[in-house]
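Please read the structure below before turning to the comments.
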Amino acid sequence: MSEQEQSVCEGVVTGSTYVSKTDKEIKQLALRLYRGEIFTSMQIKEHDTQIIGSIFMPLMLLDDLSRKQLILNGAYCFYEEVSKAGPRSVNGYLCFFSFMYLDRPDAGRLIDRLRDIEEMLGDD
């Protein structure tokens with residue numbers, strides 16, 4: 001058995017870590033969010049947060065090791081391109097079969113950048 005196979009069998013998470021987004025990447029995400037080109041978990045109404053797995057479907061299907069890796073990497077805000085959405089579900093939300101994520105600091109930077117865009121364009 002290879003070292004990688006043994007690690008998986010023993011429940012060891014990989015060494016992959018979250019790489020913070022550059023300012024340019026955050027700006028692009030904020031612009032795309034403003035334009036409605038991406039959907040984020042921060043747009044889910046507070047009383048609907050328990051159904052995040054039915055919006056970002058892979059979250060429901062994660063094995064324990066993958067879930068643990070997301071937690072260790074500080075996953076805070078999930079997002080995906082609206083163009084990659086499947087049909088809307090009965091709850092009215094889009095349904096995604098893939099996702100990307102931001103950690104808390106990057107999510108905060110995204111919110112700040114989005115507010116800057118809204119102020120600049122007069123959409124307060």
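A short reminder: the numbers here are calculations on the coordinates, not readings from a lab. These figures come from a predicted structure and were not determined experimentally. Note that each Cβ is placed from the backbone with ideal geometry, even for glycine, and that neighbours are counted across all protein chains shown.
If you go through the range 80-116, how many residues are aliphatic (A, V, I, L, M) and in contact with an Asp or Glu (Cβ under 8 Å, 6 or more places away or on another chain)? Write out each step before concluding.
Start the filter on the range 80-116 by keeping residues that are aliphatic (A, V, I, L, M), which leaves 82, 85, 90, 94, 100, 102, 107, 110-111, 114.
Next cut, in contact with an Asp or Glu (Cβ under 8 Å, 6 or more places away or on another chain) only: 82, 100.
Adding up the residues that qualify gives 2.
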Worksheet item: Going through the range 79-124 one residue at a time, which ones are more than 24 Å from Ser66 (Cα to Cα), among the hydrophobic types (A, V, I, L, M, F, W, C) and not in a helix (DSSP H, G or I)?
Response: Val90, Leu121
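Looking only at the range 86-99, which residues are out of contact with any Lys or Arg (no Cβ under 8 Å at 6 or more places or on another chain), of a type outside the set (Ser, Thr, Tyr) and surrounded by fewer than 16 Cβ atoms within 10 Å (Cβ to Cβ)? Show your work before the answer.
If we filter the range 86-99 for residues that are out of contact with any Lys or Arg (no Cβ under 8 Å at 6 or more places or on another chain), which is where we start, we get 86-93, 99.
If we keep only those that are of a type outside the set (Ser, Thr, Tyr) too, we end up with 86-88, 90-92, 99.
Answer for the range 86-99, where residues must be out of contact with any Lys or Arg (no Cβ under 8 Å at 6 or more places or on another chain), of a type outside the set (Ser, Thr, Tyr) and surrounded by fewer than 16 Cβ atoms within 10 Å (Cβ to Cβ): Gly86, Pro87, Arg88, Val90, Asn91, Gly92.
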Discussion item. Go through the range 33-67 and report how many residues are touching an Asp or Glu at 6+ places or on another chain (Cβ under 8 Å) and in a helix (DSSP H, G or I).
Written reply: 1
